[in-house]
Ligand code: MN
């Protein structure tokens with residue numbers, strides 16, 4: 001468990017997006033260039049974001065610490081470990097977050113806007 005030392009730092013409690021998450025997350029802004037933003041996002045054990053879609057752009061996740069999940073609508077969840085890379089095209093419904101027992105950090109590289117949808121319900125998540 002890498003609770004306090006994610007590769008690029010943990011950042012601050014992610015209060016601005018808390019309404020779209022279950023559990024606590026932390027956000028560390030790293031850089032931006034043109035319309036592309038690069039942030040490190042750390043999820044506490046059990047934390048995950050709601051189902052969502054990135055529009056008019058993309059999102060790439062680079063896993064730096066811990067263990068987590070990524071799932072696209074209609075597909076099986078994928079377990080993610082340090083070194084995993086996920087590339088998410090515009091318009092693809094998905095969610096990402098920690099496993100129940102591990103902190104999880106990914107760098108998120110993205111452009112565009114996000115549409116937030118329903119939460120990942122506990123009954124489903126707890127069976128992962
Ligand atoms: Mn996403």
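By how many nm would the segment from residue 72 to residue 123 grow when fully extended, if each residue of separation counts as 0.36 nm and the alpha-carbon distance is taken off? Don't skip to the answer; put the middle values down first.
Values: separation 51, 0.36 × 51 = 18.36 nm, distance 1.76 nm.
Gain on stretching residue 72 to residue 123: 16.6 nm.
Exposure proxy ranking for 62, 13, 117, based on other Cβ atoms within 10 angstrom of each Cβ and starting from the fewest, stands as 13, 117, 62. Cβ crowding within 10 Å ranks 75, 10 as 75, 10, fewest other Cβ atoms first. Normalising the average separation of contacting C-alpha pairs (under 8 angstrom, six or more residues apart) by the number of residues puts the relative contact order of region 12-127 at 33 percent.
Exposure proxy for 21, 124, 43: other Cβ atoms within 10 Å of each Cβ, ordered fewest to most, give 124, 21, 43. Remark: spin-label model distance residue 31-residue 100 equals 4.0 nm, labels positioned 7 Å along the Cα→Cβ axis.
Estimated purely from DSSP H runs of n ≥ 4, each contributing -39500 (n - 2.57), the mean residue ellipticity at 222 nm for the chain is -500 deg cm²/dmol once divided by its residues. When both region 1-48 and region 60-89 are represented by their alpha-carbon centers, they are found 15 Å apart.
The numbers here are math on the coordinates, done by the rules we state, and not lab data. In this text the structure is predicted, and so the values were computed from the model without any measurement. Glycine also receives a Cβ, built like all others from the backbone with ideal geometry; neighbour counts cover every protein chain displayed.
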